[in-house]
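*Asks:* Starting off with a structure, shown below.
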Amino acid sequence: MYWSFQGHQIDERSMSDNINYKLGSFLISQPDFFYFTMDILITCKKRTDNNRIYDINRMQQRLKALAIADKTVKANTDYFLKLFLEYNDNKINKGKLLDYIVYKIGPYKLNSEGLNRISECKIAINGELCSDMDFDVAFYVFTKHHNLHEDNVLYAEVIECKIDINTFIHSPPSKKNSFSDDAKKKLEVINVINQKKRNYDSIFFYFATCRRNIESCRQVLKANGYDFVRILSCDDLCEMLEKFLK
(Lines give C-alpha, C1' and ligand atoms only; values in the text may rest on other atoms or scores of the structure.)
Protein backbone atom coordinates (compact mmCIF):
# COMPACT_ATOMS: atom_id res chain seq x y z
CA MET A 1 0.00 0.00 0.00
CA TYR A 2 1.32 3.43 -0.95
CA TRP A 3 0.06 5.23 2.18
CA SER A 4 0.05 4.11 5.80
CA PHE A 5 -0.81 5.92 9.02
CA GLN A 6 0.67 5.44 12.47
CA GLY A 7 -1.05 6.73 15.57
CA HIS A 8 -3.66 5.68 18.08
CA GLN A 9 -7.33 6.01 18.84
CA ILE A 10 -8.15 7.90 22.02
CA ASP A 11 -9.36 5.52 24.72
CA GLU A 12 -11.99 7.57 26.52
CA ARG A 13 -12.54 4.87 29.14
CA SER A 14 -9.05 5.51 30.52
CA MET A 15 -9.47 9.30 30.58
CA SER A 16 -12.18 9.79 33.21
CA ASP A 17 -9.82 11.79 35.44
CA ASN A 18 -8.13 13.71 32.62
CA ILE A 19 -9.13 17.38 32.73
CA ASN A 20 -8.74 17.90 29.00
CA TYR A 21 -11.18 15.04 28.47
CA LYS A 22 -13.60 16.26 31.16
CA LEU A 23 -13.64 19.89 30.00
CA GLY A 24 -13.65 18.91 26.32
CA SER A 25 -16.58 16.53 26.80
CA PHE A 26 -18.50 19.19 28.71
CA LEU A 27 -17.96 21.79 25.98
CA ILE A 28 -19.06 19.36 23.28
CA SER A 29 -22.23 18.50 25.19
CA GLN A 30 -22.96 22.15 26.12
CA PRO A 31 -22.63 24.24 22.93
CA ASP A 32 -23.71 27.37 24.84
CA PHE A 33 -20.33 27.19 26.59
CA PHE A 34 -18.36 26.16 23.51
CA TYR A 35 -18.01 29.49 21.72
CA PHE A 36 -17.56 31.33 25.03
CA THR A 37 -14.66 29.07 26.02
CA MET A 38 -12.98 29.24 22.60
CA ASP A 39 -13.04 33.02 22.94
CA ILE A 40 -11.68 33.24 26.49
CA LEU A 41 -8.83 30.87 25.61
CA ILE A 42 -7.64 33.69 23.35
CA THR A 43 -8.75 36.87 25.11
CA CYS A 44 -8.15 35.99 28.78
CA LYS A 45 -4.75 34.39 28.54
CA LYS A 46 -1.70 35.54 30.45
CA ARG A 47 1.75 34.11 31.08
CA THR A 48 3.32 33.11 34.38
CA ASP A 49 6.60 31.20 34.69
CA ASN A 50 6.71 30.65 30.92
CA ASN A 51 3.41 28.77 30.92
CA ARG A 52 0.02 29.92 29.68
CA ILE A 53 -2.68 30.43 32.29
CA TYR A 54 -5.89 32.43 32.22
CA ASP A 55 -7.17 35.47 34.06
CA ILE A 56 -9.99 33.96 36.12
CA ASN A 57 -11.37 37.32 37.26
CA ARG A 58 -11.81 38.54 33.69
CA MET A 59 -13.34 35.23 32.69
CA GLN A 60 -15.81 35.24 35.59
CA GLN A 61 -17.00 38.74 34.71
CA ARG A 62 -17.70 37.68 31.15
CA LEU A 63 -19.34 34.47 32.28
CA LYS A 64 -21.58 36.39 34.69
CA ALA A 65 -22.78 38.64 31.89
CA LEU A 66 -23.47 35.63 29.66
CA ALA A 67 -25.37 33.81 32.40
CA ILE A 68 -27.80 36.73 32.77
CA ALA A 69 -29.05 36.16 29.22
CA ASP A 70 -28.74 32.38 29.04
CA LYS A 71 -30.50 30.08 31.51
CA THR A 72 -28.50 27.04 30.40
CA VAL A 73 -25.25 28.84 31.10
CA LYS A 74 -26.51 29.98 34.49
CA ALA A 75 -27.49 26.44 35.50
CA ASN A 76 -24.08 25.04 34.60
CA THR A 77 -21.82 27.91 35.66
CA ASP A 78 -20.56 26.34 38.89
CA TYR A 79 -19.61 23.07 37.22
CA PHE A 80 -17.90 24.87 34.34
CA LEU A 81 -15.88 27.01 36.75
CA LYS A 82 -14.82 23.90 38.66
CA LEU A 83 -13.56 22.31 35.44
CA PHE A 84 -11.86 25.45 34.21
CA LEU A 85 -10.05 26.05 37.48
CA GLU A 86 -8.64 22.52 37.24
CA TYR A 87 -7.67 23.13 33.61
CA ASN A 88 -5.97 26.42 34.58
CA ASP A 89 -3.29 24.63 36.59
CA ASN A 90 0.06 25.57 35.06
CA LYS A 91 1.08 21.90 35.01
CA ILE A 92 -1.67 21.02 32.52
CA ASN A 93 -0.78 20.59 28.84
CA LYS A 94 -3.48 22.98 27.70
CA GLY A 95 -3.07 22.30 24.00
CA LYS A 96 -4.42 18.77 24.48
CA LEU A 97 -7.89 20.24 25.05
CA LEU A 98 -8.23 21.36 21.44
CA ASP A 99 -6.63 18.13 20.21
CA TYR A 100 -9.35 16.10 21.94
CA ILE A 101 -12.20 18.34 20.77
CA VAL A 102 -11.10 18.20 17.12
CA TYR A 103 -10.55 14.44 17.34
CA LYS A 104 -14.08 14.03 18.68
CA ILE A 105 -16.13 16.42 16.50
CA GLY A 106 -14.19 16.06 13.24
CA PRO A 107 -13.74 15.61 10.37
CA TYR A 108 -14.30 19.05 8.92
CA LYS A 109 -15.65 18.20 5.46
CA LEU A 110 -15.13 14.50 4.77
CA ASN A 111 -18.03 12.10 5.21
CA SER A 112 -17.43 10.57 8.62
CA GLU A 113 -18.91 7.19 7.68
CA GLY A 114 -16.22 4.53 7.62
CA LEU A 115 -13.42 6.99 8.39
CA ASN A 116 -10.46 6.11 10.56
CA ARG A 117 -9.57 8.71 13.19
CA ILE A 118 -6.26 8.73 14.99
CA SER A 119 -4.34 10.95 17.36
CA GLU A 120 -0.61 11.78 17.15
CA CYS A 121 -0.49 10.72 13.52
CA LYS A 122 2.63 9.94 11.50
CA ILE A 123 2.37 9.31 7.78
CA ALA A 124 4.43 6.81 5.79
CA ILE A 125 4.77 6.39 2.03
CA ASN A 126 5.70 2.90 0.80
CA GLY A 127 6.59 1.99 4.37
CA GLU A 128 8.93 4.94 4.94
CA LEU A 129 7.97 7.63 7.44
CA CYS A 130 7.79 11.13 5.99
CA SER A 131 9.02 12.45 9.34
CA ASP A 132 9.37 11.51 12.99
CA MET A 133 7.12 14.49 13.73
CA ASP A 134 3.44 13.76 14.20
CA PHE A 135 0.22 15.65 13.54
CA ASP A 136 -2.34 16.06 16.30
CA VAL A 137 -5.30 14.49 14.50
CA ALA A 138 -5.95 12.71 11.22
CA PHE A 139 -9.08 11.35 9.54
CA TYR A 140 -8.67 9.04 6.56
CA VAL A 141 -10.27 6.37 4.43
CA PHE A 142 -9.10 4.24 1.51
CA THR A 143 -11.46 3.73 -1.41
CA LYS A 144 -11.42 2.30 -4.93
CA HIS A 145 -11.60 4.81 -7.77
CA HIS A 146 -14.16 3.87 -10.42
CA ASN A 147 -11.74 4.70 -13.25
CA LEU A 148 -8.67 3.07 -11.72
CA HIS A 149 -7.55 -0.38 -10.67
CA GLU A 150 -6.09 1.12 -7.49
CA ASP A 151 -7.92 0.09 -4.32
CA ASN A 152 -6.01 2.39 -1.97
CA VAL A 153 -7.06 5.82 -3.16
CA LEU A 154 -6.73 8.10 -0.14
CA TYR A 155 -9.11 10.70 1.23
CA ALA A 156 -7.74 12.37 4.36
CA GLU A 157 -7.79 15.41 6.62
CA VAL A 158 -4.59 16.05 8.56
CA ILE A 159 -5.01 18.61 11.34
CA GLU A 160 -2.50 20.37 13.57
CA CYS A 161 -4.16 22.08 16.56
CA LYS A 162 -2.95 25.36 18.08
CA ILE A 163 -5.12 27.16 20.61
CA ASP A 164 -3.70 30.46 19.38
CA ILE A 165 -2.49 30.25 15.78
CA ASN A 166 -0.53 33.49 16.29
CA THR A 167 2.05 31.59 18.35
CA PHE A 168 2.59 29.36 15.32
CA ILE A 169 2.19 31.75 12.40
CA HIS A 170 3.48 35.23 13.20
CA SER A 171 0.97 37.80 12.10
CA PRO A 172 2.14 40.33 11.21
CA PRO A 173 5.41 38.49 10.51
CA SER A 174 8.27 39.15 12.90
CA LYS A 175 11.38 40.89 11.63
CA LYS A 176 13.18 37.54 11.42
CA ASN A 177 10.56 35.14 10.03
CA SER A 178 6.90 34.37 9.51
CA PHE A 179 6.75 31.09 11.42
CA SER A 180 7.79 29.59 14.73
CA ASP A 181 10.47 26.88 14.59
CA ASP A 182 7.79 24.24 15.19
CA ALA A 183 5.65 25.66 12.39
CA LYS A 184 8.59 25.58 9.96
CA LYS A 185 9.20 21.91 10.66
CA LYS A 186 5.53 20.98 10.32
CA LEU A 187 5.19 22.93 7.09
CA GLU A 188 8.27 21.20 5.66
CA VAL A 189 6.67 17.81 6.35
CA ILE A 190 3.36 18.98 4.87
CA ASN A 191 5.20 20.12 1.76
CA VAL A 192 6.91 16.73 1.36
CA ILE A 193 3.60 14.88 1.68
CA ASN A 194 1.84 17.25 -0.68
CA GLN A 195 4.53 16.84 -3.34
CA LYS A 196 4.39 13.04 -3.14
CA LYS A 197 0.59 12.92 -3.24
CA ARG A 198 -0.71 11.05 -6.26
CA ASN A 199 -3.10 12.85 -8.60
CA TYR A 200 -6.07 10.77 -7.51
CA ASP A 201 -5.42 11.15 -3.76
CA SER A 202 -7.15 13.87 -1.75
CA ILE A 203 -5.28 15.07 1.34
CA PHE A 204 -6.39 18.25 3.07
CA PHE A 205 -4.12 19.99 5.57
CA TYR A 206 -5.51 22.20 8.33
CA PHE A 207 -4.36 24.25 11.29
CA ALA A 208 -7.17 24.40 13.87
CA THR A 209 -7.31 27.34 16.29
CA CYS A 210 -9.62 28.95 18.84
CA ARG A 211 -8.89 32.37 17.33
CA ARG A 212 -11.63 33.98 15.25
CA ASN A 213 -9.68 36.51 13.18
CA ILE A 214 -7.24 34.46 11.16
CA GLU A 215 -7.19 36.31 7.82
CA SER A 216 -3.70 37.77 8.32
CA CYS A 217 -2.36 34.27 9.14
CA ARG A 218 -3.95 33.00 5.94
CA GLN A 219 -2.14 35.71 4.03
CA VAL A 220 1.18 34.70 5.61
CA LEU A 221 0.64 31.09 4.51
CA LYS A 222 -0.28 32.21 1.00
CA ALA A 223 2.72 34.55 0.72
CA ASN A 224 5.03 31.67 1.63
CA GLY A 225 3.57 29.20 -0.84
CA TYR A 226 1.31 27.31 1.57
CA ASP A 227 -2.05 28.47 0.27
CA PHE A 228 -3.14 24.78 0.13
CA VAL A 229 -3.05 24.70 3.95
CA ARG A 230 -6.32 25.95 5.44
CA ILE A 231 -6.86 27.43 8.90
CA LEU A 232 -9.94 26.29 10.82
CA SER A 233 -11.03 29.23 12.95
CA CYS A 234 -13.26 29.33 16.02
CA ASP A 235 -16.26 29.77 13.71
CA ASP A 236 -15.27 26.66 11.74
CA LEU A 237 -14.98 24.66 14.96
CA CYS A 238 -18.48 25.81 15.94
CA GLU A 239 -19.71 24.64 12.53
CA MET A 240 -18.07 21.25 13.12
CA LEU A 241 -19.75 20.99 16.53
CA GLU A 242 -23.17 21.79 15.08
CA LYS A 243 -22.69 19.07 12.47
CA PHE A 244 -21.51 16.62 15.13
CA LEU A 245 -24.57 17.24 17.33
CA LYS A 246 -27.12 16.72 14.55
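The values are calculated or read from the model by the stated rules, or taken from the named source; none is laboratory data. These numbers were taken from a predicted model, which means no experiment stands behind them. With ligands, DNA and RNA removed, areas are computed over all heavy atoms of the protein, side chains included. Shrake-Rupley method; radii C 1.70, N 1.55, O 1.52, S 1.80 Å.
*Asks:* Tell me the Rg and the Dmax, in Å, that the Cα atoms of region 1-44 produce.
*Replies:* For region 1-44, the Cα-based Rg and Dmax read 15.2, 47 Å.
*Asks:* Within the accessible area of the chain, what % is carbon and sulfur when the probe is 1.4 Å and the other protein chains stay in place? Could you put the intermediate results ahead of the total?
*Replies:* Values: 5850 of 12950 Å².
Its accessible area is 45 percent carbon and sulfur atoms.
*Asks:* Looking at the chain as a GNM with Cα springs under 10 Å, which of GLU12, GLU160, GLU113 has the largest mean-square fluctuation?
*Replies:* Fluctuation is largest for GLU113.
*Asks:* Helix 181-196 against the longest principal axis of the chain: what's the angle in degrees, Cα atoms only, rounded to the nearest 10?
*Replies:* Tilt of helix 181-196: around 30 degrees.
*Asks:* For a bin width of 10 Å, list the pair-distance distribution of region 88-246 built from all Cα-Cα distances, rounded to whole %.
*Replies:* Per 10 Å bin, starting at 0, the Cα pair percentages come out as 10, 38, 36, 14, 2, 0.
*Asks:* Shifting gears a bit: Write down Rg/Rh for region 1-158, rounded to two decimals, with Rg from the C-alpha atoms and Rh from the Kirkwood relation over Cα pairs. Don't skip to the end; give the middle numbers.
*Replies:* Details: Rg = 19.4 Å, Rh = 18.0 Å.
Rg divided by Rh gives 1.08.
*Asks:* Follow-up. Using a Gaussian network model of the chain whose springs link C-alpha atoms within less than 10 Å, name the residue from MET15, MET133, MET59 with the highest mean-square fluctuation.
*Replies:* MET15
*Asks:* For a quick check, take a GNM of the chain with Cα springs below 10 Å and name the residue from ARG117, ARG211, ARG13 with the largest mean-square fluctuation.
*Replies:* For the chain, modelled as a Gaussian network with Cα springs under 10 Å, the answer is ARG13.
*Asks:* Still on this structure, please answer the following. Pull up the cross-link candidates among the lysines for LYS184, meaning alpha carbon to alpha carbon under 21 Å and not fewer than 8 places away within one chain.
*Replies:* Filter leaves LYS96, LYS122, LYS162, LYS175, LYS176, LYS196, LYS197, LYS222.
*Asks:* So what's the angle, to the nearest 10 degrees on a 0 to 90 scale, between helix 31-43 and the longest Cα principal axis of the chain?
*Replies:* The two axes meet at around 90 degrees.
*Asks:* When only C-alpha pairs under 8 Å and at least 6 residues apart count, what is the relative contact order of region 128-246, in percent?
*Replies:* 25 percent
*Asks:* Dimensions of region 159-236 along principal axes (Cα, Å, largest first)?
*Replies:* Taking the Cα atoms of region 159-236, the three principal extents are 35, 30, 18 Å.
*Asks:* Then there's this: Going Cα to Cα from LYS144, which aspartates and glutamates come in below 16 Å? Please leave out same-chain ones fewer than 8 positions away.
*Replies:* Cross-link targets: GLU113, ASP201.
*Asks:* Rounded to the nearest whole Å², what accessible area per residue is found for the chain with the 1.4 Å probe?
*Replies:* Per residue, the chain has 53 Å² of solvent-accessible surface.
*Asks:* Separate question: Once both axes come from the Cα atoms, what is the angle between helix 56-69 and the longest principal axis of the chain, in degrees from 0 to 90, rounded to 10?
*Replies:* Roughly 80 degrees between the two axes.
*Asks:* Taking the radius of gyration and the Kirkwood hydrodynamic radius from Cα positions alone, what is the Rg/Rh ratio for region 23-84, to two decimal places? Intermediate results must be reported in sequence, preceding the final value.
*Replies:* Details: Rg = 11.7 Å, Rh = 12.1 Å.
Ratio value, two decimals: 0.97.
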